[in-house]
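What follows is calculated from the coordinates using simple rules that are stated; it is not laboratory data. The structure displayed is predicted, hence computed values, not measured ones. Here the Cβ positions follow ideal geometry from the backbone for every residue, glycine too, while neighbour counts run over all protein chains shown.
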Amino acid sequence: MKLLLVSIAIASLSVAAQAQTTAPAAKPAAKPAAKAAPAKVAAKPQSKRDIEVSTPLEENDPSDKLTPAELAIAKTVYTGEIKCELGAKVVIKPRMREGYFLVTHGINRFVMHPVESRTGAIRLEDPQRGALFLQIANKSMLMNQKEGKRLADECMSPEQAKFAEDMKSRPAVNILEATPAVATTPPAR
């Protein structure tokens, strides 16, 4: 009987020893899982806006100087918030460097400068990002030349909106049409 009690005691000790060796093995497995959870939070992808805002905007080389004609064009650029069709807007702010503008549309940001045009339209370009902003008397538009698409159309500053209303009330004269005969009095003899 003593032999039976001793063998039961040895068996229970060996079971306890096995339980202790398997328990510590389970704990280290749980620790890596706890460390992996914070890594997921740190690997959260940034939004497109965060990426665009964190991307530095580069202006052209400071040695590139605008011509006097381009500086004159820069003085005629409409600045501020310009409302566009479909609820969009374009914001134009002058930069520290004379003649340069920060043009913002949604998450897109461009550093633009005036370029002379043959048509008389005000033309702002960002050659590095391929953007073009055109202003005429009654509207403006922002285009991405690299992608070949319009980003914003039918944009109007308050001055452009007033000009557009004036065009509706007083349509332009068609120079190709014959002018009406003017009644004149015959010369006195």
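Magnitude of the Cβ-charge dipole of region 66-169, K/R +1 and D/E -1, about the Cα centre, nearest 20 debye?
Values: 16 positive and 13 negative charges, 46 e Å.
I would put it at about 220 debye.
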Query - In nm, spacing of pseudo-spin labels at K168 and T76 (7 Å Cα→C-beta vector) - result: 2.6 nm
**Report entry** Förster radius 25 Å - calculated FRET efficiency between V115 and E85, Cβ distance, rounded to 0.05
**Finding:** 0.50
Query raised in the report: Quick one: Cα convex hull volume of region 66-169, Å³ per residue?
Result: 108 Å³
